[in-house]
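What follows is a single structure, written as structure tokens, with notes after it.
The numbers here are math on the coordinates, done by the rules we state, and not lab data. Since the model is a prediction, treat every value here as computed from it, not as a measurement. Here the Cβ positions follow ideal geometry from the backbone for every residue, glycine too, while neighbour counts run over all protein chains shown.
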Amino acid sequence: MLFNSIQFAVFFPIVAATYFGLPYRCRVPFLVFASYVFYMAWVPSYVFLLLFSTFVSYAAARGIERSRSAGLRRALFITGLCVNLGILFLFKYFNFFNDSMQWLFDRFSLPYHTPDWRLLLPVGISFYTFQTVGYVVDVYRGQVPAERNPWVFALYVSFFPQLVAGPIERADRLIPQLHARHTLDYQQATDGLKLIAWGLFKKVVVADRLGSVVAVVFANPENHAGPAYAVATIMCAWQIYCDFSGYSDIAIGSAQVMGVRLMKNFERPFFARSLPELWRRWHISLTTWFRDYVFFPMGGSRGGPVRTMRNIIFVFALCGLWHGANWTFVIWGGLTGVVLCASMVTQPLRRAAAERIGLDRIPRIHAVFQTITTFCIFSFVGIFFRAHNVQDAFTIYRRFFTGWLDPFQGGRFRDFVYSLGLTKVETFWLCVGVLAILIGVEAVQQYGPIAPRIQRYPAWARWCMYYAFILAILYLGVFDESPFVYFQF
């Protein structure tokens, strides 16, 4: 069930109204039931994987907490991790590993034969697996108690707003909220609905409109040149951001209506002034998960700069693999780690260069320059993320620096727009316009949230703004129920 679908527009109000209308003792079981109905809207049979992962994690954590034997605790811990990660490997990575091994053995003319299982990837498996793995690790470390109520734990794993694409919540944040008695709070509910509306704007007005251009250009690497790839690469970065942060906003807003506060997943990352800052503000729940459960156990930044950079590159390559069973994601992750390390190493040189040319004496211009440079590097590396395969990625990089004068010779701009898959020049400027609106709103949010400022306006002015915003979504949105990008992960 997609957030940008009629089904969800009917499903969510019914669930929220029923939730507040039920006695407290019935609310958690009802939300578990509703979450499973939500998940079964895709492939009903895969709900048994969700059930199995929930049961194993619940039993392993309870056993770890009860056991007085260090050996048994460790065995239960390893079992919980292996079962959850094993399911993830089987459904998401087995064929990738199998195909890679087949390719390697073929290069050396060696026999290699294994079953070829083309299993449909269960939606959201990467997200709920990481949530259960984090929970088992936290219980084993003694950082959180094992949850005794099976209904509450089942809801922790399956809570429908964040089930299929996060945010990846932590047990110490979410489980206490699931135990709490929530009453309908008007201000909290209306704030949640506003966040849902803003998320829909990001998704159907910006992401899906830009996505039509991105899909055409990246699907035909040999048929385009530098200007088309520059436009598509910029739009691709904003498309992925608006698509996923839009989902996160709808998820956070939906949970907020029911009194649950999910963690913020994005903090205007494209206004960051450096790559490390950008990644601290992008998909926060995933980056902090890898930091706490992979980077720190590997030694983190202890052991000197060389070891730190090795850990960063490895973690980002693993992060790339998490995104998808394709070498494009692995290369994107590893290259992102390399670029981050380069950013750290060159920071003193860049600071000295800024001082030498006097850029540091004009901080606003310096900040804009840093922001644009950071965004361009992120987007350029992101070609690997969006390309269908490694060969297409290299083709795009090779052709990125060709044909830059063509669109501006002899009035050929219209033909250039048509090459992007658009039928009208006006549609191109509409894409630019909605993106400019988004950037403008986020620029204003750099100086504080907008909602409190709007709240100071008279009621008639506020409601005029709300209706105008809803009409803009209805008029400018692309309502083809396009899936969210991160559903494939």
(request) Among (i) 4, 21, 31, 26, 13, 4, 1, 0; (ii) 4, 17, 26, 27, 18, 7, 1, 0, 0; (iii) 4, 20, 28, 22, 14, 8, 3, 1, 0, find the value of P(r) over Cα pairs in 10 Å bins from 0, in percent that was calculated from the structure presented, and write down its label. (result) (ii)
(message) What is the distance in Å between the Cα centroid of the range 214-244 and that of the range 140-162?
(response) 40 Å
(message) Only counting other Cβ atoms within 10 Å, I'd like LEU163, LEU51 sorted with the fewest neighbours first.
(response) LEU51, LEU163
(request) Would you mind ranking ASP480, ASP208 by Cβ crowding within 10 Å, fewest neighbours first? (result) ASP480, ASP208
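Would you mind calculating the gained length between LEU184 and PHE20 on full extension (0.36 nm times residue separation, minus the Cα-Cα distance), in nm to one decimal? Intermediate values should be presented prior to the final figure.
Working: separation 164, 0.36 × 164 = 59.04 nm, distance 0.68 nm.
Contour length minus Cα-Cα distance gives 58.4 nm.
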(request) Can you work out the PRE-style zone for ILE362? Point 7 Å along Cα to Cβ, and I want the residues of the range 234-273 with backbone N under 20 Å. (result) 273
(message) Per residue of the range 237-252, what does 6.51 cos²θ - 1.76 cosθ + 1.60 with θ = phi - 60° give for ³J(HN,Hα)? Whole Hz please, x for Gly and Pro, Karplus curve as stated.
(response) 4, 6, 4, 5, 4, 5, 5, 7, 5, x, 4, 4, 4, 5, 5, 5
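Based on the mean of other Cβ atoms within 10 Å per residue, sort peptides 123-130, 279-286, 432-439 so the most packed one is first. Could you put the intermediate results ahead of the total?
On the way: 123-130: 23.4, 279-286: 20.1, 432-439: 16.0.
Most protected by this proxy first, the peptides run 123-130, 279-286, 432-439.
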(request) Give a residue-ordered list of calculated ³J(HN,Hα) values for the range 450-461 (Karplus: 6.51 cos²θ - 1.76 cosθ + 1.60, θ = phi - 60°; whole Hz; x for Gly, Pro). (result) 7, 3, x, 5, 5, 4, 7, 6, x, 4, 5, 5
(request) Using 0.36 nm per residue of separation minus the Cα-Cα distance, give me the extension gain between TYR93 and GLU426 in nm, one decimal. (result) 115.6 nm
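Rank the residues TYR140, TYR229 as a footprinting-exposure proxy: fewest other Cβ atoms within 10 Å of their Cβ go first. Present the calculation step by step, with values, prior to reporting the outcome.
Working: TYR140 21, TYR229 24.
In increasing order of surrounding Cβ atoms, one gets TYR140, TYR229.
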(message) Can you tally the lysine pairs in the chain where the Cα-Cα distance is under 22 Å and the two residues are eight or more apart, or on different chains?
(response) 6
(message) Calculate the FRET efficiency for TYR475 and PHE105 from the Cβ-Cβ distance with a Förster distance of 60 Å, rounded to the nearest 0.05.
(response) 0.60
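Take the Cβ-Cβ distance between TYR466 and SER69 as r, set R0 to 45 Å, and report the resulting FRET efficiency rounded to the nearest 0.05.
It comes out at approximately 0.15.
Working out 0.36 nm times the residue gap between ASP172 and LEU349, then minus their Cα-Cα distance, what length gain in nm do you get to one decimal?
Details: separation 177, 0.36 × 177 = 63.72 nm, distance 4.16 nm.
Using 0.36 nm per residue and subtracting the Cα-Cα distance, I get 59.6 nm.
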(request) Go through the range 390-403 residue by residue and turn each phi into a ³J(HN,Hα) via Karplus (6.51, -1.76, 1.60, θ = phi - 60°); whole Hz please, and just put x for glycine and proline. (result) 5, 4, 4, 4, 5, 4, 5, 4, 5, 8, 4, 9, 10, x
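Please list 100-106, 172-178 highest first by mean number of surrounding beta-carbon atoms within 10 Å per residue.
Details: 100-106: 12.1, 172-178: 16.7.
Peptide ranking by packing, descending: 172-178, 100-106.
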(request) Could you pull out every residue, at least 5 positions away or on a different chain, whose amide H is within less than 5 Å of the one on MET298? Hs are placed 1.01 Å off N in the peptide plane, and Pro or chain starts have none. (result) none
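Quick check: from the Cα gyration tensor, does the range 6-183 come out rounded (a/c under 1.5), prolate or oblate?
On the way: a/c = 3.08, a/b = 1.42, b/c = 2.17.
Oblate, since a/c reaches 1.5 and b/c is not below a/b.
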(request) Report relative contact order for the range 6-183 in percent, whole number only (criteria: Cα-Cα under 8 Å, sequence separation at least 6). (result) 30 percent
(message) Could you tell me how far the Cα centroid of the range 307-322 sits from the Cα centroid of the range 410-442, in Å?
(response) 37 Å
